[in-house]
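The values are calculated or read from the model by the stated rules, or taken from the named source; none is laboratory data. If you're wondering where the values come from, they're calculated on a predicted model, not measured in any experiment. Cβ: placed from backbone, ideal geometry, glycine included. Neighbour counts: every protein chain shown. Ligands, DNA and RNA are excluded from the accessible area calculation, which covers all protein heavy atoms including side chains. Shrake-Rupley method; radii C 1.70, N 1.55, O 1.52, S 1.80 Å.
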Amino acid sequence: MRRMCYMFHLLLLLQLCALPYTWAREGSACLMDAESEIKRAPDKAEMFVTTSHVFKRHLAQYFCAISGNLTVLELGIYHGHTTAVLAAMFRRVISVDVEKTYLDAAAAHTNGLTNVVFLRLNLMVDDWQAFTSNSVDVVVIDANHKYEYVRADAHNALRYFPSLKFLVFDDFGHEKGVQETVSELEDVGVLVECQGLGQGWDGSAWKFLDWDERTGKTFWSWTNKSEGRVCKRGEAALGMDKTFLNQRFYIYRQPLSQLCSVGLFRFLPDGRLLSSPWGSGEWTISQTSQDRYALLQLPEMSPSPVEIFFNSRRTAFVLSELDAPTSRSEWFGIRDDLVHQPFEVAGNHFHD
Ligand SMILES: C[S@@+](CC[C@H](N)C(=O)[O-])C[C@H]1O[C@@H](n2cnc3c(N)ncnc32)[C@H](O)[C@@H]1O
């Protein structure tokens with residue numbers, strides 16, 4: 001018996017020695033800490049908005065061996081149930097949400113965890129410069145799941161954090177916006193070695209709470225796509241930032257003496273431009289070395305081609321006629337949510 005015990009300990013010791021040093025020392029403690037936070041969280045069956053216990057466990061299994069020294073940025077936190085699991089695994093957690101009530105709920109749930117900071121930001125509208133001086137290794141994308149939003153979150157993460165190594169997506173299984181974003185980035189090699197996380201990770205079907213956008217009614221549906229997906233950053237560069245596609249821009253006449261827009265623009269991915277009141281036109285990327293210029297043919301606005309110059313975030317642009325005698329820009333375009341934001345923020349303060 002004593003001999004068997006001795007053999008067992010020897011085997012365990014040999015196994016631990018075979019593992020990387022940090023894993024042997026920290027990985028198992030990380031898994032245990034993560035598990036105790038998972039047990040404190042409701043499962044997806046009880047609270048559909050959060051990730052499932054299986055998802056959280058897969059995250060821990062994927063990252064625990066390496067996360068001891070890494071920083072994770074969590075986009076969309078709700079009640080902080082995933083935040084607490086991340087805090088058990090990573091050295092530092094930066095958690096962002098647009099809703100103060102959710103940030104407060106998450107702060108209460110993670111009370112006592114000293115490695116989490118909470119930031120109130122609207123990821124689509126606010127300036128990501130707010131956190132880009134941090135070296136971020138992993139970004140967990142789980143905020144607004146519409147295509148434009150998920151794509152903007154992924155593109156911003158890839159552009160603003162040179163140290164980024166992994167992207168994690170939640171709600172891949174049933175949100176088309178998440179699926180499209182991941183497959184676009186995988187197709188061009190910007191994301192590589194993606195693998196399933198959570199329910200349906202092995203291709204088995206699982207039930208999720210679906211809803212009809214028109215009526216707002218919820219109902220159960222099935223999918224065999226995984227709940228989430230984790231990917232490594234590949235070697236390929238992101239290419240031109242096309243986050244301006246399919247967005248609505250207000251157009252103002254320069255100089256901006258009156259804040260009354262004179263029209264609307266929407267750039268479509270196939271090179272068409274829909275506008276009001278100038279009808280439809282065409283846009284192309286300009287053959288300059290900089291990818292912030294585009295050329296526009298919109299005869300009802302201008303008989304000659306118009307040059308578009310985007311700001312670095314593609315949230316605004318100036319337009320100038322190519323044949324104009326002066327280089328002064330004639331029009332200014334700005335994404336609609338940036339115009340609405342100050343009114344929303346000010347309006348929210350009526351409820352304070
Ligand atoms: C699906 S929930 C997040 C669930 C959470 N990650 C979890 O696992 O428990 C989505 C969250 O994203 C936040 N959100 C939605 N749009 C946002 C935006 N534009 N900027 C920041 N947060 C946003 C919502 O307030 C909500 O708390």
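Of note:
- Of all residues in region 182-207 being part of a strand (DSSP E or B) and charged (D, E, K, R), the one that is most open to solvent (accessible area, probe 1.4 Å): GLU193
- The residues of region 114-147 that are at pLDDT below 90 and either outside the structural domain of LEU167 (by TED's automatic domain parsing) or within 9 Å of the ligand (Cβ to nearest atom) (or both), listed by number, are MET124, VAL125, ASP126.
- Each residue in region 68-82 was checked for being more than 6 Å from the ligand (Cβ to nearest atom) and farther than 11 Å from ALA41 by Cβ, and 8 pass.
- Filtered residue count, region 37-76, keeping only those that are open to solvent by 10 Å² or more (accessible area, probe 1.4 Å), in contact (Cβ under 8 Å) with a residue 40 or more places away in the chain and of a type in the set (A, V, I, L, M): 4
- For region 167-181, a residue qualifies if it is open to solvent by less than 20 Å² (accessible area, probe 1.4 Å) and closer than 16 Å to THR51 by Cβ, and the qualifying residues are LEU167, VAL168, PHE169, ASP170, ASP171, GLY173, VAL178.
- Breaking point among (1) touching a Phe, Trp or Tyr at 6+ places or on another chain (Cβ under 7 Å); (2) at pLDDT 95 or above; (3) under 27 Å from PRO342 (Cβ atoms), for TYR160: (2)
- Only one of the listed residues (ARG266, ARG328, ARG292) is surrounded by 12 or more Cβ atoms within 10 Å (Cβ to Cβ), at pLDDT below 95 and basic (Lys, Arg). That residue is ARG292.
- Top-ranked residue in region 83-113 [being away from the ligand (no atom under 13 Å from the Cβ) and modelled with pLDDT under 95; ranked as most open to solvent (accessible area, probe 1.4 Å)]: ASN111
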